[in-house]
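I have placed the structure first, in the form of structure tokens, so that the comments after it can refer back to it.
The values are calculated or read from the model by the stated rules, or taken from the named source; none is laboratory data. Bear in mind that the values here come from a model prediction, so they are computed numbers and not experimental data. Virtual Cβ from ideal backbone geometry, glycine too; neighbours counted across all protein chains shown.
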Amino acid sequence: MILVTGATGTVGRLVVERLPAGLGVRLMARDPGRITGAAPWVEKVAGEYGDAGSLARALAGVRTAFLVTARVGGGDDAAFVRAASLAGVRRVVKLSAAGVLDAGAGDVITRWQREGEELLRASGMEWTLLRPRAFMSNSLSWADSVRSERTVRALYGRSGNACVDPRDVAEAAVRVLTGEGHASRAYTLTGPEAVTAVGQTEQLGRLLGVDLRFEELGVGRARAVLAGRYPAPVVEALLQSAERQRAGAKAGVGDGVTVLTGRPAGTFAAWARDHLAAFAPVPEEAGT
């Protein structure tokens, strides 16, 4: 039995869509009714990291688990690792982050991911770590301003990030979950090249057939925008992450996607082409 946590999230839902038929699969989400793309034979269960009983039920009979946590510093990794060990789970594949490899990264998000990795290594279970760079789908945060203003706003728009297609991360996860030979291995998952927000804006404009404008955000404005979405410690961590990106820490390209999937990593242009409807500008009113 394979357990997939975070089955409604960015990567989890894509893993659900890619799991081959014929496997025992259980999907865990806070609200199983929100799980989409699952085959009829797949089991869905309600589970929360803070509810030991629900974790025990979700993990019963599970051999391999895909662990995705999102509550920074909330103890969810520890709760899951403890429950998985008690349930006799053989191996856990954890979705971590490429930033753990950056010696200069000491922000709260990176520390949380490092701590989660260490908990898993010390658990006695087999483990594999998937460390993606930023997701290409993060650019969906620009969709509203692209549609209504034909504008992209970002901090340090000319800094490079080897962001990765979440579909590649999901495919890599499925290969690890369903294959052997990945115990005690860590894979860094990136796109095929470092791209900048300015470059992404240009690519989106070409694909949409419109002129898009890039507007550089200052640190103060970026902090205000992020504060509307995240707690203060996470906001500061994201701003520190942006500073590391400006210094070149996120431009390196890895081969993890190719190693695990047997093909090159997808480009931002390919991702954008497949998600272009999200950015389609609102038609101008007649006579304006």
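Of the residues making up region 94-118, those that are among the hydrophobic types (A, V, I, L, M, F, W, C) and farther than 17 Å from Thr5 by Cα are Ala98, Val100, Leu101, Ala103, Ala105, Val108, Ile109, Trp112. Condition check for Gly104 on (1) at pLDDT below 95; (2) within 20 Å of Thr8 (Cβ to Cβ); (3) not polar (S, T, N, Q): one failure, at (2).
Selection of helices (runs of 4 or more DSSP H) fully inside region 219-279 by the criterion of at least 1 residues being polar (S, T, N, Q) returns 232-246, 256-261. Among the criteria (1) of a type in the set (A, V, I, L, M); (2) exposed (fewer than 13 other Cβ atoms within 10 Å of the Cβ); (3) not in a helix (DSSP H, G or I), the one Val210 does not fulfil is (2).
Pairs are defined by a Cβ separation below 6 Å, a sequence spacing of at least 6 or placement on different chains, a first member in region 112-130 that is part of a helix (DSSP H, G or I), and a second member that is modelled with pLDDT under 95 and among the polar types (S, T, N, Q); no pair meets this definition. Applying the set (1) hydroxyl-bearing (Ser, Thr, Tyr); (2) closer than 18 Å to Ser241 by Cα; (3) in contact (Cβ under 8 Å) with a residue 60 or more places away in the chain; (4) in a helix (DSSP H, G or I) to Ser159 leaves exactly one unmet item: (4). Among helices (runs of 4 or more DSSP H) entirely within region 1-103, having at least 1 residues that are more than 18 Å from Glu118 (Cβ to Cβ) and of a type in the set (Ser, Thr, Tyr) singles out 52-59.
Got at least one residue in region 148-158 being within 19 Å of Met28 (Cβ to Cβ) and hydrophobic (A, V, I, L, M, F, W, C)? Walk me through how you get there before you give the answer.
Step one: filter region 148-158 for residues within 19 Å of Met28 (Cβ to Cβ), giving none.
Looking for residues that are within 19 Å of Met28 (Cβ to Cβ) and hydrophobic (A, V, I, L, M, F, W, C), one finds none in region 148-158, hence no.
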